[in-house]
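J.: Questions regarding the structure given below will be posed in turn.
The values are calculated or read from the model by the stated rules, or taken from the named source; none is laboratory data. Just so you know, these numbers come straight off a predicted model, no measurement behind them. Here the Cβ positions follow ideal geometry from the backbone for every residue, glycine too, while neighbour counts run over all protein chains shown. Please note that ligands, DNA and RNA were not included when accessible areas were found on the heavy atoms of the full protein model with its side chains. Shrake-Rupley method; radii C 1.70, N 1.55, O 1.52, S 1.80 Å.
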Amino acid sequence: MQYRHLGRAGIRVSELSFGSWVTFSNQADANLAADMMSAAYEAGVNFFDNAEVYASGKSEEVMGAALKQLGWRRSSYLVSTKFYWGLHDGVNERNTLNRKRLLEGINGSLKRLQLEYVDLIFCHRPDPTTPVEETLWAMHNIIETGKAFYWGTSEWAASEIVQVIELAERHHLHRPVTEQPQYNMFSRGRFSGDYVRFYKEYGYGATTWSPLASGLLTGKYKGGIPKDSRAMLKGYDWLQDRMTDKDRLAKVEALEPLASGLGCTLAQLSIAWCLKNPFVSTVITGASRVEQVHENMKAMDVAPKLTPEILAQIDEIFGVKNTEEEDD
Ligand SMILES: NC(=O)c1ccc[n+]([C@@H]2O[C@H](COP(=O)([O-])OP(=O)(O)OC[C@H]3O[C@@H](n4cnc5c(N)ncnc54)[C@H](OP(=O)(O)O)[C@@H]3O)[C@@H](O)[C@H]2O)c1
């Protein structure tokens, strides 16, 4: 496993990490979560991603119980959580990054995770109704109390991130160190245009999500929706159109000869592709069973085999003319 700096921050994250969205509590109890986390940790993963909203807080409870079972040295791994959507419908409790919500939110997360601190906290989405100064001060104060060490943004516009970094620098407050954008062969927008400029200029990190587009890039949806897949889960039927879209499925199928030529699976090819982006600090993988973790972790051996020619062929399949040109 290689470790990459989280942007300009001193901390280093394993290039592959492991997250709990959808899976923990819905598909995995604490025992299975511990087994999957253990498989990831043994492969070198040091970063485990979570969010307050995942399974309405239960994902944090499952991860907390799993961590307790695993008993790892606390300094050997990083845990994150995120705030925005909240857990209750109260006027100040939903879709907000107000100071009260954030300061109360961290206490709830720590309790559910059974941890004294998390390493990273994210503002899960921007909140245009709260002054960014208020959110910045709240994140700064959480860090100053030792309840978290670093903070980041998720799916914020480049201009919003630049604004908060500049404010933080002007007032000597803890600045955010990383973005958490979606990134896979289908969703590349957050690494083009303005984003590239500020990853470069501001040394911002990127902990990227859904490398397999929720499983579509594994090829397992080509014969229809498998019964035991994410798209069949209660509450995730919104994924079904995406997973059965003919155009998308054709692109996945076109990747098959590339994967077999490299002697790897489609999942490994797709995760390795994310690793080739130099602005990516870590690719957050997800899994519903231990075998998937084992398979996905081998993507790190596939990444060095992705030559510029293979990357160009992938761009062609996805209708991207020239990534270099697009990025500059
Ligand atoms: N910041 C944000 O807004 C945000 C949003 C989403 C996710 N995230 C983070 O990113 C993490 C990863 O996202 P994700 O779970 O969507 O990642 P993903 O890699 O796109 O999808 C993971 C899912 O694909 C299936 N899968 C994985 N490996 C497989 C394999 N080798 N063979 C067959 N199926 C396989 C599994 O689902 P089934 O087996 O159930 O089909 C698994 O749960 C999340 O856990 C979370 O931490 C963040």
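J.: Any chance you could count how many residues in segment 219-232 are open to solvent by less than 60 Å² (accessible area, probe 1.4 Å), within 23 Å of the chain's Cα centre (by Cα) and over 17 Å from residue 23 (Cα atoms)?
T.: Final tally of qualifying residues: 2.
J.: So if I check each of 110, 97, which one is outside any loop (DSSP other than H, G, I, E, B) and more than 15 Å from the chain's Cα centre (by Cα)?
T.: The conditions single out 110.
J.: Can you tell me which of 235, 203 is within 21 Å of the chain's Cα centre (by Cα) and within 23 Å of residue 21 (Cβ to Cβ)?
T.: Among 235, 203, only 235 is within 21 Å of the chain's Cα centre (by Cα) and within 23 Å of residue 21 (Cβ to Cβ).
J.: What tally of residues in segment 206-231 results from selecting those that are farther than 19 Å from residue 183 by Cα and more than 8 Å from the ligand (Cβ to nearest atom)?
T.: The qualifying residues number 6.
J.: Condition check: part of a strand (DSSP E or B), away from the ligand (no atom under 16 Å from the Cβ) and open to solvent by 10 Å² or more (accessible area, probe 1.4 Å). Does residue 4 satisfy that?
T.: yes
J.: Now, a different point. Before we move on, is residue 213 farther than 27 Å from residue 273 by Cα, in contact with a helix residue (DSSP H, G or I) (Cβ under 9 Å, 6 or more places away or on another chain) and in contact (Cβ under 8 Å) with a residue 24 or more places away in the chain?
T.: Criteria not met by residue 213.
J.: Of (1) crowded, with 16+ Cβ neighbours inside 10 Å; (2) away from the ligand (no atom under 15 Å from the Cβ), residue 76 satisfies all except one. Which?
T.: Every condition holds for residue 76 apart from (1).
J.: Among the residues of segment 83-110, count how many are in contact (Cβ under 8 Å) with a residue 12 or more places away in the chain and not β-branched (Val, Ile, Thr).
T.: Residues flagged as in contact (Cβ under 8 Å) with a residue 12 or more places away in the chain and not β-branched (Val, Ile, Thr) within segment 83-110 amount to 17.
J.: Can you name every residue in segment 278-319 that is outside any loop (DSSP other than H, G, I, E, B) and among the basic types (Lys, Arg)?
T.: Residue satisfying the conditions is 305 alone.
J.: Looking at segment 111-138 only, could you name the residues that are open to solvent by 20 Å² or more (accessible area, probe 1.4 Å), under 14 Å from residue 164 (Cβ atoms) and free of Cβ contacts under 8 Å to residues at least 40 places away in the same chain?
T.: Passing the criteria: 126, 128, 131, 132, 133, 134, 137.
J.: Another question, if that's okay. Which residue is farthest from the ligand (Cβ to nearest atom), if the candidates are limited to segment 49-69 and must be among the aliphatic types (A, V, I, L, M) and in a helix (DSSP H, G or I)?
T.: Ranking the qualifying residues of segment 49-69, first place goes to 65.
J.: When segment 168-203 is examined, which residues are found to be surrounded by fewer than 17 Cβ atoms within 10 Å (Cβ to Cβ) and out of contact with any Phe, Trp or Tyr (no Cβ under 9 Å at 6 or more places or on another chain)?
T.: Answer for segment 168-203, where residues must be surrounded by fewer than 17 Cβ atoms within 10 Å (Cβ to Cβ) and out of contact with any Phe, Trp or Tyr (no Cβ under 9 Å at 6 or more places or on another chain): 169, 170, 172, 187, 192, 193, 194, 197, 201, 203.
J.: Something else now. Please go through segment 11-28 and give me each residue that is open to solvent by 10 Å² or more (accessible area, probe 1.4 Å) and not small (Gly, Ala, Ser), ordered by number.
T.: Across segment 11-28, the qualifying residues are 11, 12, 15, 21, 26, 27.
J.: On the basis of being modelled with pLDDT of 95 or more and within 18 Å of residue 142 (Cα to Cα), does residue 68 make the cut?
T.: Answer is no for this residue.
J.: Give me a count of the residues in segment 181-205 that are over 24 Å from residue 237 (Cα atoms) and either among the hydrophobic types (A, V, I, L, M, F, W, C) or within 13 Å of the ligand (Cβ to nearest atom) (or both).
T.: 4
J.: To continue, here is another question. I need a count of the residues in segment 249-292 that are within 16 Å of residue 182 (Cα to Cα), within 15 Å of the ligand (Cβ to nearest atom) and of a type outside the set (A, V, I, L, M).
T.: So the count comes out to 7.
J.: Which of the residues that make up segment 276-285 are surrounded by fewer than 24 Cβ atoms within 10 Å (Cβ to Cβ) and either under 14 Å from residue 35 (Cβ atoms) or not aromatic (Phe, Trp, Tyr) (or both)?
T.: Selection gives 276, 277, 278, 280.
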